[in-house]
Amino acid sequence: MKSFLGRDILSLREFERDDYYRIFEVCDMLAPHARNRRNTDLCADKTLLTAFYQPSTRTRMATEAAMHRMGGHVLGFSDAKMTRAGDFYQESIKDTVHMLEYYADVIAMRHFQQGAPAEAARYSSVPIINCGDGWGEHPTQVLTDLYTMLKELGRLDGLRILCVGDMRMRTMHSIGYAATQFDIDLDLVYPPEMAPTQEYLAELDGRNTRVNLFKSVHDCVDKADVIYMEPVVQADYTKARVDAADAKKGLTPPEYQITTEVLKKKAKRGVIVIHSLPRMDELTMDVDSTRHARYWIEAFNGVVLRMALIALVLGKVE
Ligand code: CP
(Lines give C-alpha, C1' and ligand atoms only; values in the text may rest on other atoms or scores of the structure.)
Protein backbone atom coordinates (compact mmCIF):
# COMPACT_ATOMS: atom_id res chain seq x y z
CA MET A 1 0.00 0.00 0.00
CA LYS A 2 1.30 3.44 -0.94
CA SER A 3 1.56 5.88 1.94
CA PHE A 4 -1.29 8.39 2.11
CA LEU A 5 0.99 11.12 3.48
CA GLY A 6 1.04 13.95 0.94
CA ARG A 7 -0.91 11.86 -1.58
CA ASP A 8 -3.29 13.44 -4.09
CA ILE A 9 -6.72 11.80 -4.14
CA LEU A 10 -7.63 12.24 -7.79
CA SER A 11 -9.12 8.95 -8.99
CA LEU A 12 -10.05 5.50 -7.72
CA ARG A 13 -8.48 3.93 -10.80
CA GLU A 14 -5.19 3.22 -8.99
CA PHE A 15 -6.65 2.46 -5.56
CA GLU A 16 -5.99 -1.05 -4.26
CA ARG A 17 -7.98 -3.12 -1.75
CA ASP A 18 -5.65 -2.21 1.10
CA ASP A 19 -6.12 1.50 0.39
CA TYR A 20 -9.89 1.17 0.82
CA TYR A 21 -9.64 -0.87 3.99
CA ARG A 22 -7.07 1.50 5.52
CA ILE A 23 -9.35 4.49 4.89
CA PHE A 24 -12.34 2.63 6.35
CA GLU A 25 -10.28 1.64 9.40
CA VAL A 26 -9.45 5.32 10.02
CA CYS A 27 -13.14 6.17 9.47
CA ASP A 28 -14.07 3.79 12.29
CA MET A 29 -11.41 5.37 14.48
CA LEU A 30 -12.63 8.94 13.89
CA ALA A 31 -16.39 8.29 13.67
CA PRO A 32 -17.00 8.68 17.45
CA HIS A 33 -15.94 12.36 17.23
CA ALA A 34 -18.63 12.99 14.61
CA ARG A 35 -21.22 10.77 16.31
CA ASN A 36 -20.76 12.45 19.70
CA ARG A 37 -20.49 15.91 18.10
CA ARG A 38 -17.22 16.44 19.93
CA ASN A 39 -14.48 18.12 17.93
CA THR A 40 -10.94 16.84 18.26
CA ASP A 41 -7.72 18.84 17.87
CA LEU A 42 -6.12 16.33 15.51
CA CYS A 43 -5.68 18.92 12.73
CA ALA A 44 -5.50 22.07 14.89
CA ASP A 45 -2.24 23.12 13.19
CA LYS A 46 -3.52 22.58 9.64
CA THR A 47 -5.68 24.44 7.11
CA LEU A 48 -8.00 23.14 4.39
CA LEU A 49 -8.87 25.19 1.31
CA THR A 50 -12.01 24.36 -0.67
CA ALA A 51 -11.82 25.53 -4.32
CA PHE A 52 -15.26 24.83 -5.76
CA TYR A 53 -15.81 25.90 -9.37
CA GLN A 54 -19.20 24.15 -9.51
CA PRO A 55 -22.19 24.12 -7.16
CA SER A 56 -22.25 21.66 -4.28
CA THR A 57 -24.31 21.13 -1.16
CA ARG A 58 -22.90 17.89 0.26
CA THR A 59 -19.31 17.54 -0.89
CA ARG A 60 -18.02 20.98 0.01
CA MET A 61 -19.79 21.26 3.34
CA ALA A 62 -19.03 17.67 4.39
CA THR A 63 -15.35 18.31 3.63
CA GLU A 64 -15.36 21.57 5.56
CA ALA A 65 -17.34 19.99 8.42
CA ALA A 66 -14.75 17.19 8.52
CA MET A 67 -11.92 19.69 8.98
CA HIS A 68 -13.86 21.60 11.64
CA ARG A 69 -14.54 18.31 13.50
CA MET A 70 -10.76 17.79 13.61
CA GLY A 71 -10.10 21.29 14.93
CA GLY A 72 -8.51 22.51 11.68
CA HIS A 73 -8.93 25.80 9.83
CA VAL A 74 -10.96 26.26 6.65
CA LEU A 75 -11.03 28.85 3.88
CA GLY A 76 -12.03 28.82 0.24
CA PHE A 77 -14.55 29.79 -2.40
CA SER A 78 -17.77 28.21 -3.58
CA ASP A 79 -18.37 30.57 -6.49
CA ALA A 80 -15.47 30.94 -8.90
CA LYS A 81 -17.19 34.02 -10.38
CA MET A 82 -15.98 35.90 -7.32
CA THR A 83 -12.36 34.93 -8.03
CA ARG A 84 -10.07 35.89 -10.91
CA ALA A 85 -10.61 32.43 -12.38
CA GLY A 86 -14.22 33.33 -13.03
CA ASP A 87 -14.06 36.90 -14.29
CA PHE A 88 -12.41 38.81 -17.14
CA TYR A 89 -9.02 37.22 -16.48
CA GLN A 90 -10.11 33.55 -16.49
CA GLU A 91 -6.96 32.86 -14.49
CA SER A 92 -5.48 29.46 -15.27
CA ILE A 93 -5.46 26.46 -12.92
CA LYS A 94 -1.66 26.70 -12.84
CA ASP A 95 -1.56 30.33 -11.71
CA THR A 96 -4.44 29.88 -9.29
CA VAL A 97 -2.95 26.80 -7.63
CA HIS A 98 0.47 28.46 -7.30
CA MET A 99 -1.33 30.94 -5.04
CA LEU A 100 -3.60 28.55 -3.17
CA GLU A 101 -0.80 26.16 -2.18
CA TYR A 102 0.57 28.85 0.16
CA TYR A 103 -2.81 29.48 1.78
CA ALA A 104 -3.45 25.95 3.05
CA ASP A 105 -2.03 22.47 3.68
CA VAL A 106 -4.57 20.55 1.59
CA ILE A 107 -6.85 21.67 -1.26
CA ALA A 108 -10.26 20.12 -2.00
CA MET A 109 -11.29 20.98 -5.57
CA ARG A 110 -14.45 20.59 -7.63
CA HIS A 111 -14.26 21.65 -11.25
CA PHE A 112 -16.37 21.46 -14.41
CA GLN A 113 -13.38 20.36 -16.50
CA GLN A 114 -12.45 16.69 -16.38
CA GLY A 115 -8.83 16.45 -15.25
CA ALA A 116 -8.69 19.90 -13.61
CA PRO A 117 -7.76 18.51 -10.13
CA ALA A 118 -5.06 16.34 -11.76
CA GLU A 119 -3.71 19.45 -13.48
CA ALA A 120 -3.79 21.30 -10.15
CA ALA A 121 -1.86 18.44 -8.55
CA ARG A 122 0.95 18.92 -11.08
CA TYR A 123 1.55 22.43 -9.77
CA SER A 124 0.63 22.07 -6.10
CA SER A 125 3.08 21.24 -3.33
CA VAL A 126 0.15 20.29 -1.07
CA PRO A 127 -2.27 17.37 -1.63
CA ILE A 128 -5.25 17.88 -3.93
CA ILE A 129 -8.51 16.05 -3.24
CA ASN A 130 -10.77 15.67 -6.28
CA CYS A 131 -14.32 16.54 -5.21
CA GLY A 132 -15.77 15.90 -8.68
CA ASP A 133 -14.32 16.87 -12.07
CA GLY A 134 -16.70 17.27 -15.01
CA TRP A 135 -17.80 13.83 -16.20
CA GLY A 136 -14.54 12.42 -14.78
CA GLU A 137 -14.61 10.98 -11.27
CA HIS A 138 -15.94 11.61 -7.77
CA PRO A 139 -13.65 9.60 -5.48
CA THR A 140 -14.76 11.00 -2.11
CA GLN A 141 -18.42 10.31 -2.90
CA VAL A 142 -17.79 6.72 -3.95
CA LEU A 143 -15.53 6.10 -0.94
CA THR A 144 -18.48 7.32 1.17
CA ASP A 145 -20.82 4.98 -0.74
CA LEU A 146 -18.54 1.98 -0.23
CA TYR A 147 -18.06 2.76 3.45
CA THR A 148 -21.85 2.94 3.78
CA MET A 149 -22.24 -0.46 2.05
CA LEU A 150 -19.61 -1.97 4.32
CA LYS A 151 -21.22 -0.61 7.47
CA GLU A 152 -24.76 -1.51 6.42
CA LEU A 153 -24.16 -4.92 4.83
CA GLY A 154 -20.95 -5.99 6.57
CA ARG A 155 -19.05 -6.77 3.37
CA LEU A 156 -18.03 -5.55 -0.07
CA ASP A 157 -16.95 -8.88 -1.57
CA GLY A 158 -19.90 -10.83 -2.91
CA LEU A 159 -22.15 -7.82 -3.49
CA ARG A 160 -24.21 -7.37 -6.63
CA ILE A 161 -24.71 -3.67 -7.30
CA LEU A 162 -27.37 -2.39 -9.67
CA CYS A 163 -26.18 0.96 -11.05
CA VAL A 164 -29.03 2.89 -12.61
CA GLY A 165 -28.91 6.30 -14.27
CA ASP A 166 -26.51 8.29 -16.38
CA MET A 167 -23.37 6.20 -16.91
CA ARG A 168 -21.41 9.30 -17.99
CA MET A 169 -21.61 10.51 -14.39
CA ARG A 170 -18.40 10.79 -12.38
CA THR A 171 -19.76 8.59 -9.59
CA MET A 172 -20.45 5.80 -12.09
CA HIS A 173 -16.84 5.92 -13.29
CA SER A 174 -15.44 5.84 -9.75
CA ILE A 175 -17.67 2.96 -8.65
CA GLY A 176 -16.57 0.92 -11.67
CA TYR A 177 -12.92 1.42 -10.78
CA ALA A 178 -13.67 0.55 -7.14
CA ALA A 179 -15.42 -2.66 -8.26
CA THR A 180 -12.16 -3.86 -9.86
CA GLN A 181 -10.74 -4.35 -6.36
CA PHE A 182 -13.57 -6.42 -4.91
CA ASP A 183 -15.63 -9.48 -5.82
CA ILE A 184 -18.48 -7.24 -7.00
CA ASP A 185 -20.94 -7.76 -9.87
CA LEU A 186 -22.14 -4.58 -11.56
CA ASP A 187 -25.49 -4.53 -13.37
CA LEU A 188 -25.89 -1.33 -15.40
CA VAL A 189 -29.20 0.22 -16.53
CA TYR A 190 -29.14 3.49 -18.47
CA PRO A 191 -30.83 5.36 -21.32
CA PRO A 192 -29.05 4.70 -24.65
CA GLU A 193 -27.77 8.29 -24.88
CA MET A 194 -26.20 7.96 -21.42
CA ALA A 195 -24.26 4.76 -22.09
CA PRO A 196 -20.81 4.03 -20.67
CA THR A 197 -18.01 4.31 -23.23
CA GLN A 198 -16.64 1.16 -24.85
CA GLU A 199 -13.17 2.11 -23.53
CA TYR A 200 -14.45 2.17 -19.96
CA LEU A 201 -16.25 -1.18 -20.34
CA ALA A 202 -13.15 -2.70 -21.94
CA GLU A 203 -11.00 -1.40 -19.08
CA LEU A 204 -13.27 -3.02 -16.47
CA ASP A 205 -13.35 -6.24 -18.47
CA GLY A 206 -9.56 -6.17 -18.76
CA ARG A 207 -9.42 -6.04 -14.97
CA ASN A 208 -11.74 -9.06 -14.70
CA THR A 209 -14.72 -7.12 -13.33
CA ARG A 210 -18.12 -8.62 -14.13
CA VAL A 211 -20.39 -6.04 -15.78
CA ASN A 212 -23.86 -6.91 -17.08
CA LEU A 213 -25.97 -4.55 -19.19
CA PHE A 214 -29.78 -4.40 -18.88
CA LYS A 215 -32.45 -2.24 -20.46
CA SER A 216 -34.65 -1.78 -17.39
CA VAL A 217 -34.42 -2.05 -13.60
CA HIS A 218 -37.35 -4.47 -13.89
CA ASP A 219 -35.04 -6.97 -15.63
CA CYS A 220 -32.45 -7.18 -12.84
CA VAL A 221 -33.57 -5.50 -9.59
CA ASP A 222 -34.40 -8.90 -8.08
CA LYS A 223 -30.68 -9.83 -8.02
CA ALA A 224 -29.37 -6.61 -6.42
CA ASP A 225 -27.91 -6.30 -2.92
CA VAL A 226 -27.40 -2.57 -3.50
CA ILE A 227 -29.25 -0.18 -5.82
CA TYR A 228 -26.93 2.68 -6.70
CA MET A 229 -28.65 5.61 -8.35
CA GLU A 230 -28.03 8.74 -10.37
CA PRO A 231 -30.62 10.86 -12.20
CA VAL A 232 -31.24 10.49 -15.91
CA VAL A 233 -32.51 14.07 -15.91
CA GLN A 234 -29.12 15.68 -15.53
CA ALA A 235 -27.29 18.97 -15.56
CA ASP A 236 -24.40 19.27 -18.00
CA TYR A 237 -21.39 18.55 -15.77
CA THR A 238 -18.99 20.25 -18.16
CA LYS A 239 -20.57 23.62 -17.31
CA ALA A 240 -19.78 25.75 -14.28
CA ARG A 241 -23.48 26.11 -13.51
CA VAL A 242 -26.80 25.17 -15.13
CA ASP A 243 -30.09 26.83 -14.15
CA ALA A 244 -33.15 24.70 -13.41
CA ALA A 245 -35.35 23.64 -16.29
CA ASP A 246 -38.97 24.82 -16.05
CA ALA A 247 -40.48 21.34 -15.94
CA LYS A 248 -38.46 19.02 -13.75
CA LYS A 249 -40.94 16.50 -12.45
CA GLY A 250 -42.34 13.34 -13.96
CA LEU A 251 -39.51 13.01 -16.45
CA THR A 252 -37.85 9.72 -15.56
CA PRO A 253 -39.14 6.73 -17.54
CA PRO A 254 -40.11 3.69 -15.38
CA GLU A 255 -37.12 1.67 -16.67
CA TYR A 256 -34.82 3.94 -14.67
CA GLN A 257 -37.01 4.60 -11.65
CA ILE A 258 -37.05 3.02 -8.18
CA THR A 259 -40.28 3.26 -6.21
CA THR A 260 -41.58 1.46 -3.13
CA GLU A 261 -43.81 -0.57 -5.47
CA VAL A 262 -40.76 -1.83 -7.41
CA LEU A 263 -38.93 -2.70 -4.18
CA LYS A 264 -41.97 -4.44 -2.74
CA LYS A 265 -42.77 -6.52 -5.81
CA LYS A 266 -39.34 -7.31 -7.24
CA ALA A 267 -36.38 -6.60 -4.94
CA LYS A 268 -34.62 -8.71 -2.30
CA ARG A 269 -35.94 -8.06 1.21
CA GLY A 270 -32.56 -6.74 2.38
CA VAL A 271 -31.64 -4.58 -0.61
CA ILE A 272 -30.33 -1.11 0.22
CA VAL A 273 -30.73 2.00 -1.91
CA ILE A 274 -27.89 4.50 -2.21
CA HIS A 275 -28.13 7.81 -4.04
CA SER A 276 -25.39 10.42 -3.99
CA LEU A 277 -28.08 13.14 -4.34
CA PRO A 278 -29.43 15.55 -5.46
CA ARG A 279 -32.28 13.53 -6.97
CA MET A 280 -35.00 14.27 -9.46
CA ASP A 281 -37.89 11.80 -9.78
CA GLU A 282 -35.83 8.65 -10.44
CA LEU A 283 -36.01 7.81 -6.72
CA THR A 284 -39.48 8.57 -5.48
CA MET A 285 -39.89 10.07 -2.02
CA ASP A 286 -42.04 7.18 -0.78
CA VAL A 287 -38.81 5.11 -0.63
CA ASP A 288 -37.44 7.48 2.06
CA SER A 289 -39.52 5.92 4.82
CA THR A 290 -38.68 2.31 3.90
CA ARG A 291 -35.95 0.14 5.47
CA HIS A 292 -34.15 0.19 2.12
CA ALA A 293 -33.16 3.88 2.17
CA ARG A 294 -29.54 4.52 3.11
CA TYR A 295 -28.96 7.92 1.51
CA TRP A 296 -29.45 9.94 4.70
CA ILE A 297 -26.87 8.01 6.71
CA GLU A 298 -24.50 8.94 3.89
CA ALA A 299 -24.55 12.53 5.13
CA PHE A 300 -22.93 11.33 8.36
CA ASN A 301 -20.62 8.85 6.65
CA GLY A 302 -19.57 11.56 4.19
CA VAL A 303 -18.17 13.69 7.00
CA VAL A 304 -16.41 10.74 8.62
CA LEU A 305 -14.92 9.65 5.30
CA ARG A 306 -13.51 13.11 4.61
CA MET A 307 -12.12 13.28 8.15
CA ALA A 308 -10.23 10.06 7.47
CA LEU A 309 -8.94 11.20 4.07
CA ILE A 310 -7.76 14.59 5.33
CA ALA A 311 -6.12 13.06 8.41
CA LEU A 312 -4.34 10.50 6.22
CA VAL A 313 -3.02 12.86 3.54
CA LEU A 314 -1.87 15.30 6.24
CA GLY A 315 -0.07 12.50 8.07
CA LYS A 316 -2.14 12.91 11.22
CA VAL A 317 -2.62 9.16 11.27
CA GLU A 318 -0.04 6.77 9.87
N1 CP B 1 -23.20 14.02 -3.97
C2 CP B 1 -22.74 15.22 -4.36
O3 CP B 1 -21.69 15.34 -5.02
O4 CP B 1 -23.53 16.25 -3.96
P5 CP B 1 -23.17 17.79 -4.12
O6 CP B 1 -23.19 18.11 -5.59
O7 CP B 1 -24.25 18.52 -3.37
O8 CP B 1 -21.83 18.02 -3.54
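The values are calculated or read from the model by the stated rules, or taken from the named source; none is laboratory data. Please read these numbers as outputs of a predicted model, since none were measured by experiment. Cβ atoms come from the backbone with ideal geometry, glycine included; neighbour counts cover every protein chain shown. The accessibility values were calculated without ligands, DNA or RNA, using every heavy atom of the protein model including side chains. Shrake-Rupley method; radii C 1.70, N 1.55, O 1.52, S 1.80 Å.
Data for the structure
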quantity: Theoretical gain in end-to-end length, ARG291 to SER3 [0.36 nm per residue, Cα-Cα removed]; calculated: 99.9 nm
quantity: Mean accessible surface per residue for segment 172-214, computed with a 1.4 Å probe while every protein chain stays in place, in Å²; calculated: 43
quantity: Between segment 16-71 and segment 131-185, the alpha-carbon center distance in angstrom; calculated: 19
quantity: Formal net charge of residues neighbouring PHE77 (Cβ-Cβ distance under 14 Å; K, R +1; D, E -1); calculated: +1
quantity: Chymotrypsin sites (Phe, Trp or Tyr not before Pro), loop per DSSP, at most 11 other Cβ atoms within 10 Å - longest free stretch of the chain; calculated: 103-295
quantity: J(HN,Hα) series, segment 127-135, from Karplus relation 6.51 cos²θ - 1.76 cosθ + 1.60, nearest Hz, glycine and proline x; calculated: x, 10, 10, 6, 9, x, 10, x, 8
quantity: Amide H contacts of VAL74 (H built 1.01 Å from N, under 5 Å, at least 5 apart or other chain); calculated: LEU48
quantity: Taking segment 13-92 and dividing mean pair separation by its residue count, relative contact order in percent (alpha carbons under 8 Å, at least six apart); calculated: 29
quantity: Simple spin-label estimate for GLU25 and GLN198 in nanometres, 7 Å along Cα-Cβ; calculated: 4.3
quantity: Under the span-like rule (Cα at least 20 Å along the axis, Kyte-Doolittle mean at least -1.0), DSSP H helices of the chain; calculated: 17-35, 139-153, 297-313
quantity: Extended-chain gain in nm, criterion 0.36 nm per residue less alpha-carbon gap, PHE88 and ARG241; calculated: 53.4 nm
quantity: Helix-derived mean residue ellipticity, 222 nm - over the chain, DSSP H n ≥ 4, -39500 (n - 2.57), to 500; calculated: -10000 deg cm²/dmol
quantity: Per-residue ³J(HN,Hα) for segment 267-273, Karplus 6.51 cos²θ - 1.76 cosθ + 1.60, θ = phi - 60°, Hz, x for Gly and Pro; calculated: 8, 5, 4, x, 4, 10, 10
quantity: Positive-pole candidate from PRO254, VAL303, THR290, dipole of segment 244-318, charges at beta carbon; calculated: THR290
quantity: Dipole in debye (nearest 20) - the chain, about Cα centre, beta carbon charges: Lys, Arg +1; Asp, Glu -1; calculated: 760
quantity: Spin-label pair ARG269/ASP18, simplified geometry with 7 Å Cα→Cβ offset, distance in nm; calculated: 4.0
quantity: Space enclosed by the convex hull of the alpha-carbon atoms of the chain, per residue, Å³; calculated: 132
quantity: Of ALA240, VAL271, ILE184, farthest towards positive along the dipole that unit charges on Lys, Arg, Asp, Glu beta carbons give segment 152-311; calculated: VAL271
quantity: Candidate residues LYS215, LYS266, LYS46: accessible-area rank, largest first, probe 1.4 Å; calculated: LYS215, LYS266, LYS46
